[in-house]
Amino acid sequence: MKPVRIGSVGLSALPPRIAVPLAGPLPAHSLLRLRQLGGDLLELRLDLFPRPDDNYLLVEVRKIRAATRLPLIATIRSDAAHPWPGPETQREKLFLSLLPFVDAVDLELEATLTSRVARQARARGKTVILSYHNYHRTPPPAYLHLLLRRFRGQPGDILKIATRARKPAEVIRLLGFTREKPVPLITQAMGEWASVSRALAPLFGSRLSYAYFQKPTAPGQPGLRELKDLFSRLYPSFKH
């Protein structure tokens, strides 16, 4: 399996890497603090920023780019839980305008804009995460393998699957799928069993974990300090 990087950070299952989602702008001193606490990458959740205005978002991304050396992932989520207020053409244009300032993009696996944005991103040397989110349940193994086949038909580098786990069996199902790791994967459970999933996912081959700095962006998402401390106890190779 080929190595995967986002900017300067190599993504292998071990040692674990932590991405920190940002739901709005942060001053330079907060970005420095975030890095000191153990954040390896920043996910810019631009769909959660205060204004869905292209010029505003581009200015804020450029400010963040100038203030930190951490690699940046641009995410503009549009699904039932986080509907984007504008048309898909606007979202696609915004993704493309951000490419010079970020190191990776996170695109929904089945969005209409995905293949076009992914090709442009890869042409510029950016890493492409193709993601699937299910806020209600963890699908059965057959559906997880269907997602894998769909991923292989797209120009992506990493498949990310985030699902709601309502019981331990669903965490085990997700970890078992991760262990097969036929392609680079990021997997994580949301909800009541999120912490268990995120603690064990690197051991099963997941390439990246997510933790919040100020407020969660997904159900059950752990805080950065909490996840860093957990990884420090569980994984001898984890150093920050």
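Quick notes
- Diffusion coefficient, µm² s⁻¹, Stokes-Einstein with Kirkwood Rh over alpha-carbon pairs of the chain at 25 °C and 0.890 mPa s: 138
- Lysine pair count for the chain [Cα-Cα under 23 Å; pairs on different chains or 8 or more apart]: 16
- Computed from point charges on the beta carbon alone (+1 for Lys and Arg, -1 for Asp and Glu), the dipole magnitude for the chain about its Cα centre is near 560 Debye.
- Among Ser131, Ser12, Ser209, residue whose mean-square fluctuation peaks in a GNM of the chain (springs only between Cα atoms under 10 Å): Ser12
- Peptide ranges 31-37, 154-160, 218-224 listed from the most packed, as the mean C-beta count within 10 angstrom indicates: 154-160, 218-224, 31-37
- With a cut-off of 20 Å on the backbone N, no residue of the stretch 104-127 is near the modelled label site 7 Å out from Tyr56 along Cα-Cβ.
- Per-residue ellipticity at 222 nm computed for the chain from its helices equals -11500 deg cm²/dmol, with DSSP H segments shorter than 4 residues left out and the rest contributing -39,500 (n - 2.57).
- Beta bridge orientation in the chain: antiparallel %, DSSP, nearest 5: 5
- Across Tyr56, Tyr135, Tyr210, mean-square fluctuation computed from a Gaussian network of the chain (C-alpha pairs under 10 Å connected) peaks at Tyr56.
- For His29, His145, order by how many other beta-carbon atoms lie within 10 Å, fewest first: His29, His145
- Amide H within-cut-off set for Ile186, under 5 Å, with H built and near neighbours excluded: Leu159, Lys160, Ile161, Arg207
- Database remark: amide H of Glu108 closer than 5 angstrom to the amide H of Ser131 (H placed geometrically; neighbours at sequence offset of 5 or more, or on other chains; Pro and chain starts carry no H).
Values quoted throughout were computed directly from the atomic coordinates according to the rules given, and no laboratory measurement underlies them. All figures in this text were calculated on a predicted structure; none of them were measured in a lab. Please note: Cβ atoms are built from the backbone with ideal geometry, for glycine as well, and neighbour counts cover all protein chains shown.
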